[in-house]
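Working notes, beginning with the structure itself.
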Amino acid sequence: MNHNKDTAAKPEGPAEKHQESKKFLVFYVIGLFCVALALILLSYVSQVRADRRLNELSSQLTTQTSAVEGANARLQVLQHSVEEQGRVLSEQQKTLDALMKETDTETVEDMVAKVERLSVQKTILYQLTMAQQEMAQQKKAEAKTRLDALVKEHGLEVLNGTDKDALLKDEVAAIFTSLYNQVGTP
């Protein structure tokens with residue numbers, strides 16, 4: 001009897017098992033669709049984030065590329081400038097070497113000293129020429145003042161060619177001495 005009660009409480013016929021199996025299958029399919037839907041949603045969110053990050057990185061790359069292109073352009077300008085300055089410097093060095101050869105000097109300092117000496121000689125020759133013109137015009141006092149100023153500034157031995165560092169040599173020293181003697185006598 002007891003056995004009948006248990007059997008009566010559990011009606012397990014093939015129809016009920018089939019019904020229960022259908023319910024289980026429906027829940028299983030719904031569960032699978034839910035999982036699939038969740039995975040699709042998760043995939044979509046991940047894709048949106050990845051696209052956003054890709055756009056950010058692309059923007060950064062574009063900015064950095066622009067910066068690098070700008071730096072490269074400035075570098076090319078600087079490179080051109082350096083090359084141009086190198087050419088100018090090379091030309092100036094050639095000119096300096098030619099001047100040093102022409103002035104028979106070995107260092108820039110020697111050449112500068114020689115050029116300064118030539119400049120002083122030029123000034124003295126100009127003053128000497130002016131004194132000659134003044135003597136020709138019978139302006140002996142002006143010529144004397146001019147020659148005395150030269151003697152005071154440079155010294156008589158430097159101008160008459162007797163000093164070892166004489167500024168005037170040979171004929172020019174003789175012209176100075178002759179003029180100086182002419183203006184020195186009343």
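The values are calculated or read from the model by the stated rules, or taken from the named source; none is laboratory data. A quick note: this is a predicted structure, and the numbers were derived from the prediction, not measured. Using ideal geometry, Cβ is built from the backbone for each residue, glycine included, and neighbour counts are taken over all protein chains shown. The area values use the complete protein model at the heavy-atom level, side chains included, leaving out ligands, DNA and RNA. Shrake-Rupley method; radii C 1.70, N 1.55, O 1.52, S 1.80 Å.
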When the Karplus curve 6.51 cos²θ - 1.76 cosθ + 1.60 is applied with θ = phi - 60°, which whole-Hz ³J(HN,Hα) does each residue of the range 45-56 get, with x for Gly and Pro?
4, 4, 5, 4, 5, 5, 4, 4, 5, 5, 5, 4
Rounded, prolate or oblate (a/c below 1.5 giving rounded, otherwise prolate when a/b exceeds b/c) for the range 60-149 by Cα gyration tensor
prolate
Could you pull the Rg and Dmax for the range 133-178, using just the Cα atoms, both in Å?
11.1, 34
Given Cβ charges of +1 for Lys and Arg and -1 for Asp and Glu, the option among Leu57, Val151, Ile124 whose Cα lies farthest towards the positive end of the dipole of the range 1-152 is Leu57
Could you work out how far apart the two model spin labels at Val35 and Asp104 are, taking each label as a point 7 Å from the Cα in the direction of the beta carbon, and quote it in nm?
10.7 nm
Karplus-derived HN-Hα couplings along the range 98-106 (A = 6.51, B = -1.76, C = 1.60, θ = phi - 60°), whole Hz, x at Gly and Pro:
5, 5, 5, 5, 5, 8, 6, 10, 9
Diffing the range 71-80: the Karplus 3J(HN,Hα) column from phi (6.51, -1.76, 1.60, θ = phi - 60°), in whole Hz with x for Gly and Pro, holds 5, 5, 5, 5, 5, 5, 4, 5, 4, 4
For the range 5-151, dividing by residue count, accessible area per residue (probe 1.4 Å) in Å² works out to 84 Å²
Might you work out the accessible area of Lys94 for me, using a 1.4 Å probe with all protein chains in place, and round it to the nearest 10 Å²?
140 Å²
If I compute semi-axes √(5λ) of the Cα gyration tensor in Å from the structure I just sent, which labelled value in (i) 122, 15, 13; (ii) 64, 15, 14; (iii) 31, 17, 15 lines up?
(i)
Given the options Met100, Met130, Met111, state which has the largest fluctuation in a GNM of the chain using a 10 Å cut-off (strictly under) for Cα springs.
Met130
Whenever you get a sec, line up His18, His154 from highest to lowest accessible area (probe 1.4 Å, protein heavy atoms).
His18, His154
